[in-house]
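This report concerns only the one structure given below.
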């Protein structure tokens, strides 16, 4: 756990470990229109995006303070024309460089260039196991076929592949087929992650919330598949926390393992942190990453356990889930320092369960698409 | 190189780190780390010594001979430890096997 350190003449600070991972949201531009998009409701415009030089400076700073994994994300990072150049700079800084992409905007030539630039790994999203469902969820016709081509080009270039399968009520019953597809595409790893109900996904709760039966079925399926496919594909799984008993260890603890840089250079403790109105975020245009990580007010807001309500501070699970998700507490309890309402000890848990069950049984299948 | 499910690991096994898996010095934390997709494993000196020798050319048996001489330790014990270690990495999909 974090240690309290008193520094004479300065306000009390929490000694934080160095960050392990950085998510670089290179742009908010994206050709897809997923109804659970995790980017903020207000997107950053292209004219405010960091320049190539600014990103390169941030990558070097990240490596120097201990970041090991760099995730190039978005929006769709392939929308940045300088993606190959940025990848090259990140690899030269010694960062393990991972591209998180929908695949749209990548050509075979560009994948070869990324491989030559030192890209370590590609994470390719799929929205379903059939073109009909996948293209309807992503709101992009022809998307599925393009993704299959991107996976084949990735394989041909020798870059290891992870398939990202975001799951929800309307595609969870295809989980087995999505896993089979990942294996067929030569993926070494699959991330099966249930939609998190923040931001845009919250507008589509009725169309997306899985039923409790789906949740239990998915848990059992993953446990079985992990055994059956051990040594062939690694399965990372995030279940539907609204049906779980305890909150997720969001971000591995606030300000503890990772940071997120927005297209315009704001540095966030998690990608949804801007939904907490009391927080103020520093920008890489004004301060170094080191100053922001160790001294920034947003990063220190929920470190350690001083901020926790007594219910959490006295709970032995605080070293397992670090108090859960602050953005979820903000959204559902109206207070970012409240107990995550997913926790069965939260006074709000019964209401959350009722709402999740009600939404999961809704007949609504139409999506409100992002940006359409 | 192929990766069938549950490739048996024994003295004849020949492996190297798969692409996308690499050993790196981490000066900020003062340790060696094995980096893989979404994974960073801190390795001790013995693990570093093993990983460094996995070259996709020589068998675990051959490498165990080298360690036995270098550390003046019983070869069978070394080989048995290496088989366990390599088996764990294989389950995590971090290795390429020579068929």
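The values are calculated or read from the model by the stated rules, or taken from the named source; none is laboratory data. As the structure is a computational prediction, the values presented were derived from the model and not from experiment. FYI the Cβ positions are ideal-geometry reconstructions off the backbone, even for glycines, and counts take in every protein chain you see.
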Only one of B:7, B:13 is buried (at least 16 other Cβ atoms within 10 Å of the Cβ), more than 11 Å from every other protein chain (Cβ to nearest Cβ), touching a residue at least 40 places away in the same chain (Cβ under 8 Å) and assigned to a loop (DSSP other than H, G, I, E, B), namely B:13
The condition from (1) in a loop (DSSP other than H, G, I, E, B); (2) surrounded by 22 or more Cβ atoms within 10 Å (Cβ to Cβ) that residue A:140 misses is numbered (2)
Reported set for segment A:53-69 where residues are surrounded by 16 or more Cβ atoms within 10 Å (Cβ to Cβ) and away from chain B (no Cβ under 14 Å) is A:55, A:56, A:57, A:58, A:59
task: For residue A:153, indicate whether it is away from chain B (no Cβ under 14 Å) and farther than 24 Å from residue A:132 by Cα.
output: no
Based on this model, can you work out whether residue A:206 counts as under 24 Å from residue A:370 (Cα atoms), in contact (Cβ under 8 Å) with a residue 24 or more places away in the chain and part of a loop (DSSP other than H, G, I, E, B)? no
### Task
Answer yes or no as to whether residue A:163 is over 26 Å from residue A:363 (Cα atoms), within 14 Å of chain B (Cβ to nearest Cβ), at pLDDT 95 or above and in contact with a helix residue (DSSP H, G or I) (Cβ under 8 Å, 6 or more places away or on another chain).
yes
Of (1) farther than 30 Å from residue A:81 by Cβ; (2) more than 14 Å from the chain's Cα centre (by Cα), residue A:192 satisfies every one except (2)
Is it true that some residue in segment A:252-270 is touching a helix residue (DSSP H, G or I) at 6+ places or on another chain (Cβ under 8 Å), more than 22 Å from residue A:180 (Cβ to Cβ) and assigned to a helix (DSSP H, G or I)? no
Checked B:91, B:75 against criteria (in contact with a helix residue (DSSP H, G or I) (Cβ under 6 Å, 6 or more places away or on another chain) and without any contact (Cβ under 8 Å) to a residue 12 or more places away in the chain); the one match is B:75
When (1) in contact with a helix residue (DSSP H, G or I) (Cβ under 8 Å, 6 or more places away or on another chain); (2) more than 12 Å from chain B (Cβ to nearest Cβ) are applied to residue A:178, the one that fails is (1)
Conditions (1) more than 30 Å from residue A:360 (Cα to Cα); (2) buried (at least 24 other Cβ atoms within 10 Å of the Cβ); (3) touching a strand residue (DSSP E or B) at 6+ places or on another chain (Cβ under 6 Å) -> residue A:188 fails only (3)
Please verify whether segment B:47-64 includes one or more residues that are within 14 Å of chain A (Cβ to nearest Cβ) and in contact with a helix residue (DSSP H, G or I) (Cβ under 9 Å, 6 or more places away or on another chain). no
Please determine whether any residue of segment B:29-39 is within 14 Å of chain A (Cβ to nearest Cβ), surrounded by fewer than 16 Cβ atoms within 10 Å (Cβ to Cβ) and either assigned to a loop (DSSP other than H, G, I, E, B) or in contact with a helix residue (DSSP H, G or I) (Cβ under 8 Å, 6 or more places away or on another chain) (or both). yes
Out of (1) out of contact with any helix residue (DSSP H, G or I) (no Cβ under 9 Å at 6 or more places or on another chain); (2) assigned to a loop (DSSP other than H, G, I, E, B), the one residue A:279 does not meet is (1)
Considering residues that are within 19 Å of residue A:344 (Cα to Cα) and within 14 Å of chain B (Cβ to nearest Cβ), the number found within segment A:215-255 is 1
Within segment A:112-129, of all residues that are away from chain B (no Cβ under 14 Å) and within 22 Å of residue A:29 (Cβ to Cβ), the one surrounded by the most Cβ atoms within 10 Å (Cβ to Cβ) is A:127
